[in-house]
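I have a structure here, written as structure tokens, and I will follow up with some questions on it.
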Amino acid sequence: MRTFFPSESGKESQVNALNPLSWLQVERGKLSKLPSNSSSSSIESLIKVPEPPILPFYKPVDYVKVLAQIHEELELCPPQEQSNLYLLQFQVFRGLGEVKLLRRSLRAAWQKANSIHEKLIFGAWLKYEKQGEEHSSDLLASCDKCAQEFGPVDILTQLPIDATVSRTHENISMNGNEIPRNVSFRIQDEKVDCDRQKISSLSAPFHAMLNGCFSESLREDIDLSQNNISASGMRTIIEFSMTGSLNEVPTHLLLEILVFANKFCCEKLKDACDRRLASFVSSREDAVELMAYALEENCPVLAASCLQVFLNDLPDCLNDNRVVDIFRHADRQQRSIMVGQASFSLYCLLSEVCMNLDPQLDKTACFLERLVEFSENDRQRMLAFHQLGCLRLLRKEYDEAKRLFEEALNAGHIYSVAGLARLSYIKGHKLWSYEKLSSVICAVTPLGWMYQERSLYCEGDKRWEDLEKASELDPTLTYPYMYRAATLMRNQNVQAALAEINWVLGFKLALECLELRFCFYLALEDYKSAICDVQAILTLSPDYRMFEGRVAASQFRTLVREHVENWTTADCWLQLYNRWSSVDDIGSLSVIYQMLESDAAKGVLYFRQSLLLLRLNCPEAAMRSLQLARQHASRDDEKLVYEGWILYDTGHCEEGLRKAEESIRIKRSFEAFFLKAYALADSSQDPSSSSTVVSLLEDALKCPSDRLRKGQALNNLGSVYVDRGKLDLAADCYINALKIRHTRAHQGLARVHFLRDDKSAAYEEMSKLIEKARNNASAYEKRSEYCDRELTKTDLEMVTRLDPLRVYPYRYRAAVLMDSHKEAEAIAELSRAIAFKADLHLLHLRAAFHEHVGDVVGALQDCRAALSVDPNHQEMLELHSRVNSHEP
């Protein structure tokens, strides 16, 4: 979910201690120092760290085991159950924060949809998850996959006509009396003539009335005035009885005929009305009006068409009370008409969208209540109970929250114990909360969140120890770093506080950590550093609000900006060059943000911004910047380049290549040649294509550009030369790149030294990169390849220290332990990282280790979990097949 639930605290006065509005009342240009005795603006209140929220996610204690179970069930279950299993897999990856993996699970659920309703729900969910890409839908329209995901489903073809509704009824006579061939229906003052047998063929009731034992069978004139059908409606029905179609019939008349068809059981006529009305649904207004008829008259095609309009309009349609009421008040039969057997999936989607809009609204609670109601198994129930428990906790409905967390816990969701502990703490039972978490830690393999949660219920050294353990077990948790940094800052240990918060920002660009560091700088009156952080925050999230959502970050920037010297355009470019060269990505982001306020070419700047954001592993923000670059492009050839990168970054390499070629035809430019070279190198399987890539990069270097981009081109050209074995040419490229301060070229030059059998020179070259780069974990990792085992071990320990999310060091250490016949320790080293990172390579290696020691069950479990991460990984498939054949 895009918006996490705020934390709950038993001491609300602490949460509200800071009054950030006092900052906004300072006179322009007169931001005062922070008085030490001020309750509203003291360091104590300024750097308060809110308690970590109870996340409304499915967080199993052993996610590997759960993923393996899901994978096994997918192999064995009937097709109609697969989509729900992929939805569960999606929820597991959601709890792990794996955005790419959860989207792939969602796509699999969409592909395996067993009904039109599931197709609509999962297709809309995919579209909702990819909201950042909707501005590029015109570019993606040429891709069949994207067209299917984002485009409307042809419901009429997906719901075929039921063959049982087309049977006719034979003519009969009664008591030897000849039944008149024609009959007239009188409606008020009008008379409508028709063929008796054509009308009787519409339904069994008509057949019985006109040909059976009823008196109407002998009449030539029948009064239908009391049946809510107009003369024009009856004429249309008679025409349908002869032609079998409804052409050019207005909506109001179709609705009239639909009700009549339902009353007289004219299934074929009803189906025709249903389908014809469905074709008229094109807006939310249409859908709201017609859904009422669909549910009342049992029209599944019309209902599905209306549902599609609602779902494709998420999240906006949930701000319309009429739409919300349809979903809230539908009874069992109406839900069956509207969504078939997919009620859980639908309300799972609606709940998530509402929680992102505003988790405290009544409609959010209502949808979660329905989610609980429609849960069919323990897994679904534990998710639904836990999510509704989080909502009740947020709304301070503590007794109901306790009941729901207990239900989730009883169903097997151990993470819900955090909710129970928090509630107990709020009610003043701090010791119970501590002991409850302690019992969980003793009962299962402990995870980082358990120690983090327990730390809230103790003080002093015990709290510090728990938070240290939390970081050790799960370095992705930001609260422990923030708490330690804030504590150090309160104790006037400024350098240690900054080192702590810089540590986590070195491997995880979390907005809350940037906000805390901004507060540190504000308290220290280091406005240059403060403006840097707040501008980086606004780059990542333009609408970000600080201090638990109470103040817009943009307002703080306005205030702090008054205390920072204004840079000229030349100053900005010099700052950008210096920071880019020192691999200071956050600093570079800040400079670009400031440059965008000037009259400089914004398309180029937004493009540079996107490159930095990709390097910082912020793909959604990077795509937003690329879209802005496209919008602000000053020329057609420039716009085509940005469109090419958008296509390339969304997985459409060939289409991106074509955009580059189209741009080159208009104008030969550095960026167009660079894009074409990059896309060709990635997409072509032909070894001879490398010569074309070289030619394209050489063409790029002949075109005007700044040194930042030319350094990147030289670096890439050097890599191609290395792959082709032309080491002298590669070295020239890297040296030329270093002359214009492209710092990362040290890594390429080190590789050249290594391939020339000069390992010492390679080590020294990487040492130069480590000295220059602000973020240098990857440099330590690369240098570890160019030294002996002890130095390698030291470098990789430093990598884990700087960036514990990098997986290679864990794999290397595990391999060394395995070589030393320390199998249990090797497996434990991999398990340490797997606990917080669902990585294919870690799971693959651990599966191989399990196989080696004869643990077939463990190997098979890891294989299945790994194939959940990448179902098409060939080596993993082979290992899975081999291990599976040994399973008892």
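What list of ³J(HN,Hα) couplings, whole Hz, do you get for segment 652-657 from phi and the Karplus terms 6.51, -1.76, 1.60, once you set θ to phi - 60° and write x for glycine and proline?
10, 5, 5, 5, x, 4
For segment 432-524, take the convex hull of the Cα atoms, compute a quarter of its surface area, and give me that in nm², please.
6.1
Right, another one. I'd like the carbon and sulfur percentage of the solvent accessible area for the chain, probe radius 1.4 Å, heavy atoms only, ligands and nucleic acids excluded.
Roughly 47 percent, rounded to a whole number.
Grab the Cα-Cα distance for Ala828 and Lys100, subtract it from 0.36 nm times how many residues apart they are, and report the gain in nm with one decimal.
Computed gain between Ala828 and Lys100 is 259.4 nm.
Still on this structure: State the extension gain, in nm to one decimal, for the chain segment bounded by Glu285 and Ser881, taking 0.36 nm per residue of separation less the distance between their alpha-carbons.
Roughly 209.2 nm would be gained on extension.
Additional query: Between segment 607-682 and segment 358-434, what is the separation of their alpha carbon centroids in Å?
Each part reduced to its Cα centre gives a spacing of 45 Å.
Would you please give the residues with an amide H less than 5 Å from that of Ala342, counting only those at least 5 places away or on a separate chain, with H modeled from the backbone geometry?
Under 5 Å from the amide H of Ala342: no residue qualifies.
Taking θ = phi - 60°, what integer Hz values does the Karplus form 6.51 cos²θ - 1.76 cosθ + 1.60 yield along segment 533-547, in sequence order, with x for Gly and Pro?
5, 5, 6, 5, 4, 5, 5, 6, 8, x, 9, 4, 10, 8, 6
Let me ask another. Tell me, Kirkwood radius of segment 805-885 from alpha-carbon pair distances, in Å?
12.3
Over the residues of segment 706-787, compute the C-alpha Rg and express it relative to 2.2 N^0.38 Å.
Cα-based Rg divided by the globular estimate yields 1.00.
Turning to a different aspect of this structure: Could you state the angle between the C-alpha long axis of helix 343-357 and the longest principal axis of the C-alpha atoms of the chain, as a value from 0 to 90 degrees rounded to the nearest 10?
For 343-357 against the chain, the angle is about 50 degrees.
Using the beta-carbon distance between Arg403 and Lys793 and R0 = 60 Å, what value does 1/(1 + (r/R0)^6) give for FRET efficiency, to the nearest 0.05?
0.70
At a Förster radius of 35 Å, what calculated FRET efficiency corresponds to the Cβ-Cβ distance of Lys702 and Ala510, to the nearest 0.05?
Efficiency computed from Cβ-Cβ geometry: 0.25.
Got the relative contact order for segment 182-339 handy, in percent, Cα pairs under 8 Å and 6 or more residues apart?
16
Taking the Cα-to-Cβ direction at Leu224 and at Glu472 and moving 7 Å from each Cα, how far apart do the two end points lie in nm?
The answer from the label model is 8.3 nm.
Amide H of Leu314 versus every other amide H placed in the peptide plane: which residues, excluding those fewer than 5 positions away on the same chain, fall under 5 Å?
Amide H neighbours of Leu314, under 5 Å, 5+ apart: none.
Against the longest alpha carbon principal axis of the chain, how many degrees, from 0 to 90 and to the nearest 10, is the axis of helix 430-443 turned?
90
Let me ask something additional. So what is the relative contact order of the chain, in percent, for Cα pairs below 8 Å that sit 6 or more residues apart?
9
What share of Cα pairs, in percent, lie more than 24 angstrom apart in segment 464-572?
Above the 24 Å cut-off, segment 464-572 has 28 percent of its Cα pairs.
For Lys191 and Thr251, what is the calculated FRET efficiency with R₀ set at 25 Å and r taken between the beta-carbons, to the nearest 0.05?
E between Lys191 and Thr251, to the nearest 0.05, is 0.45.
Based on the Kirkwood radius over alpha-carbon pairs, what value in µm²/s does the Stokes-Einstein equation return for the translational diffusion coefficient of the chain at 37 °C and 0.692 mPa s?
D = 103 µm²/s.
Taking Cα atoms, how many degrees apart are the long axis of helix 823-834 and the longest axis of the chain, rounded to 10 and kept between 0 and 90?
70
Also: Sorting check: for 313-324, 768-779, 853-864, 68-79, which peptide has the highest mean count of neighbouring beta carbons within 10 Å, and how do the rest follow?
853-864, 768-779, 313-324, 68-79
How far apart, in nm, are the 7 Å Cα→Cβ label points at Glu597 and His821?
6.7
Under 5 Å between amide H atoms, partner at least 5 residues away or on a different chain: which partners does Ile222 have, H built in plane at 1.01 Å?
It is Ser184, Phe185, Arg186, by chain and number.
Separate question: Any idea what the alpha-carbon Rg over 2.2 N^0.38 Å comes to for segment 666-803?
1.13
Here is a further query. Could you give the accessible area per residue of the chain, probe 1.4 Å, as a whole number in Å²?
44
Could you go through segment 735-743 in sequence order and give the Karplus-derived ³J(HN,Hα) for each residue, using 6.51 cos²θ - 1.76 cosθ + 1.60 with θ = phi - 60°, rounded to whole Hz, and x for Gly and Pro?
5, 5, 5, 5, 4, 9, 6, 8, 4
Send over the semi-axes of segment 182-339's equivalent ellipsoid, whole angstrom and largest first, taken as the square roots of 5 times the C-alpha gyration tensor eigenvalues.
35, 15, 13
Right, something else. Provide, in order from the shortest bin, the percent of all Cα-Cα pairs of segment 335-425 in each 5 Å bin, continuing until the bin that contains the maximum pair distance.
3, 16, 25, 23, 19, 9, 3, 1, 0, 0
How big is the gap, in Å, between the Cα center of segment 814-888 and the Cα center of segment 722-769?
What the calculation gives is 35 Å, centre to centre.
The values are calculated or read from the model by the stated rules, or taken from the named source; none is laboratory data. The shown structure was predicted, so the numbers you read here are calculated from the model rather than taken from an experiment. Cβ: placed from backbone, ideal geometry, glycine included. Neighbour counts: every protein chain shown. SASA here: full protein model, heavy atoms, side chains in, ligands and nucleic acids out. Shrake-Rupley method; radii C 1.70, N 1.55, O 1.52, S 1.80 Å.
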